[in-house]
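The values are calculated or read from the model by the stated rules, or taken from the named source; none is laboratory data. From a predicted model like this one, the values you see are computed outputs, not experimental measurements. Counting neighbours? That spans all protein chains shown, and the Cβs are built from the backbone with ideal geometry, glycine included. Calculation scope for accessible area: heavy atoms of the full protein, side chains included, ligands and nucleic acids excluded. Shrake-Rupley method; radii C 1.70, N 1.55, O 1.52, S 1.80 Å.
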Amino acid sequence: MKNKLIAIVCLLISCFFVLSACKEPETDDNPVIPDVSEKENIPATGTNIVAGGRTDYKIVVPSDADANVSFAVSELQGFVKESTGVEIPVSVGSNEELDAEAKVISVGDTNVFATSGLTITDDMKLTGFYVKRFGNTLVMNAKDGNGIVTAVYAMLSATIDLEIYSYDEYTLTKMTEMPLLDFDVKYIPDVDVRELLMKSLNSQYKLRMGYYNALGKGKWVLFGHTTTGVSSGDANALLPYNVYGKEHKDWYNSAGTQLCYANEEMRQELVKQAKRKIAESPDAKYLMIGHEDNMDMCECDACVAERNLYGGYGGQELNFTNKCAADLNVWMADAYPDRTMKYVFFAYQTSQEPPIKTETVNGKTTPVKDADGEFVPYYNDFKVEKNVMVMYCPIDSDFRKGFSETENGAQYEQLNGWASLFRQAGATDSIICWAYSLAVRDYFMPLNNFGAYKTQYKFYIDCGVSYVMDQSYYDSAIPCFEALRIYTQAKLMYDNSLDYNELAKDFIEHYYGEGAEAFKKYYNYFIVYYKYLEKTKGLNGSIWYNISGQADFWPTEVVDLMMSYLDEAIAAIEPLRTSNPERFAVLNDRLRRERLTPIFLMFQLHINEIPAANAAEYLADMKTYTKKYDITGSGESRFDMDTLIEKWESALGQGGEQ
């Protein structure tokens, strides 16, 4: 047994050495994740916001501040008090103007900001922000409350070294004197609207990570598959087949699963229903006219003719959305003159291909480009209404890789095509990317995409994507690396120049505390072992890959080694049980949650090999931590946790090494 284990480990290291092309093999002594670089400092002014246990400053906030701005003020007060022991008072609704002598921190759209000479420019979009000093006064603002929250965190990061790793883990510097720094910042995040569909992300967690937190009924009037109701239900549909299908069969394809986009009567009714839905959602900014989640399309003569005219299903949907947007814009200008809506259609599965001209040479079909290197539209009068957006979905990508002519080449050409067409039409900031970072069939195993999302986000950014919605584990929490992924994905959407490995190392050291060194071994081992599986078993980065279902991937010795690293981490925090019981409880819970992954593999693949001394503990942890962290299923829409636990409990009671 021991010799077999040693052989596996040696094979892993040698395999990784080969894949690293003469780089030094990354072992426990030479970790995958390097040191974190120093932060750039902003000079002090000589004025203090807090000194001598008191403050002369006040926080000024508008009387109509929304919940996100109020949260920003609360965070500003709370973190300053934790750092200095002093709470800065808040003045709501003050009409005072900018006075450089006044000791004021202005947060949001105050009169101080209005008289500062600053304006929210178009390039700042929703979440770009200002942090700027005028004498003794500090001004922070953005177009959207989410940007204001981020501005406050940026100010606190520079001033008291605040770094937030999770909703319940952060660091800051304790100080008796908190300086006013010489801020002159206008910052525009690399991705304007940053979203990760992760069940564990509540409103506070989203805001602390820099993800977009929608207010009221949400930023979407309708989202996703919103036409006939077959995918997401009638309540999320503009023209549910169950309501209209009996009297208007010609509004749909023959199966009632997609709209007939060529039917003008249907389009007029859809616009009517869109008006009603918009009126019912006063806080929303986007309306999705999204085809259903299947490969069907209307095959009537008129629809086929339109697809031939407009260059495919994507072109037909764009044309349809343009018409709807034009009608809705006229109505909005009269009914809601101060409100802006965006109308979004899918480039998904059947409609992923952009409506561009292609040519076939020597059996290879390639896009036609003009003298400037832009893709040539399929039809001459191509246009995009000013508030129409496309949501591109690279669902069939290999997410361990980036996007280029040689990696995910089809998706690379598709998004570049949409970007080129929209750019030529003058439609800036009009592309949303529905990205993916989940193992659909395997919630207990990490997707094989460690850090790859940095290069993927970079490609989206280069294509002019202003809104990334990354679909992750939205219907169940997960045990494996969840907080790490939430943190690193947020950081890399916000500032794509950051280094993933540096972020991961910094996160692990703070989030797992005294258990971090052993946890790094576990993390590094996963990366190395996945490389081994790529080389020997064909593991890829598809979201559909059933990783844990491959018994030959996970021999007992491999799972035991994974378990040993986490057991080592748990042992490393044991002294805290008496010296710092509260911290011990936090770290113990985090590490035991992570340990559910190798426990899951043991239960699924090697349950008869579990020693009696461990079986009860493993089962108890599985019960405790799946409940504690709301881990409800082993895959998308499965919700089978209780059933699995009953099965394992029964199996452990019947035999094995008891």
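Quick notes on this structure:
- All of (1) in a helix (DSSP H, G or I); (2) open to solvent by 10 Å² or more (accessible area, probe 1.4 Å) hold for Ser497 with one exception: (1).
- Close contacts from the range 259-271, counting a first residue that is within 12 Å of Asn319 (Cα to Cα) and a second that is not in a helix (DSSP H, G or I), with Cβ to Cβ under 8 Å and a gap of 6+ residues or different chains, come to Tyr261/Cys298; Ala262/Cys298; Ala262/Cys300; Arg267/Tyr261.
- Criterion violated by Met175 - all others in (1) under 16 Å from the mean Cα position of the chain (by Cα); (2) closer than 30 Å to Asp56 by Cα satisfied: (1)
- Tally of residues being assigned to a helix (DSSP H, G or I), in contact (Cβ under 8 Å) with a residue 12 or more places away in the chain and under 15 Å from Thr350 (Cβ atoms) across the range 295-331: 10
- Odd one out for Ala274 among (1) open to solvent by 30 Å² or more (accessible area, probe 1.4 Å); (2) farther than 19 Å from Trp434 by Cβ: (1)
- Against the conditions (1) open to solvent by 10 Å² or more (accessible area, probe 1.4 Å); (2) in a loop (DSSP other than H, G, I, E, B), Pro446 satisfies every one except (1).
- Restricting the range 594-634 to residues that are in contact with a helix residue (DSSP H, G or I) (Cβ under 8 Å, 6 or more places away or on another chain), over 14 Å from Met445 (Cβ atoms) and among the basic types (Lys, Arg) leaves a set whose member that is least open to solvent (accessible area, probe 1.4 Å) is Lys623.
- Counting only strands (runs of 3 or more DSSP E) wholly contained in the range 33-148, the ones carrying 2 or more residues that are surrounded by fewer than 18 Cβ atoms within 10 Å (Cβ to Cβ) occupy 44-50, 90-92.
- Yes/no for Gln550 being polar (S, T, N, Q) and either touching a Ser or Thr at 6+ places or on another chain (Cβ under 6 Å) or crowded, with 21+ Cβ neighbours inside 10 Å (or both): no
- Only listed residue being open to solvent by 40 Å² or more (accessible area, probe 1.4 Å), touching a residue at least 40 places away in the same chain (Cβ under 8 Å) and part of a loop (DSSP other than H, G, I, E, B), chosen from Tyr412, Tyr474: Tyr474
- Meeting the requirement of 2 or more residues that are more than 24 Å from Met641 (Cα to Cα) and modelled with pLDDT of 95 or more, the helices (runs of 4 or more DSSP H) wholly within the range 511-613 are 516-537, 556-572, 576-579, 581-594.
- Of all residues in the range 428-439, exactly one satisfies the criterion of being open to solvent by 10 Å² or more (accessible area, probe 1.4 Å) and over 20 Å from Ala490 (Cα atoms), namely Thr428.
- Meets criteria (at pLDDT 95 or above, open to solvent by 10 Å² or more (accessible area, probe 1.4 Å) and either over 22 Å from the mean Cα position of the chain (by Cα) or over 18 Å from Asn496 (Cβ atoms) (or both)) for Glu405: no
- Residue check for Phe584: out of contact with any Pro (no Cβ under 6 Å at 6 or more places or on another chain) and at positive phi: no
- With respect to the conditions (1) of a type in the set (A, V, I, L, M, F, W, C); (2) open to solvent by 10 Å² or more (accessible area, probe 1.4 Å); (3) outside any helix (DSSP H, G or I); (4) closer than 30 Å to Asp123 by Cα, Val468 falls short on a single one, namely (2).
- Within the range 500-521, restricting attention to residues that are over 18 Å from Ser166 (Cβ atoms) and of a type outside the set (Asp, Glu), the residue that is least open to solvent (accessible area, probe 1.4 Å) is Ala518.
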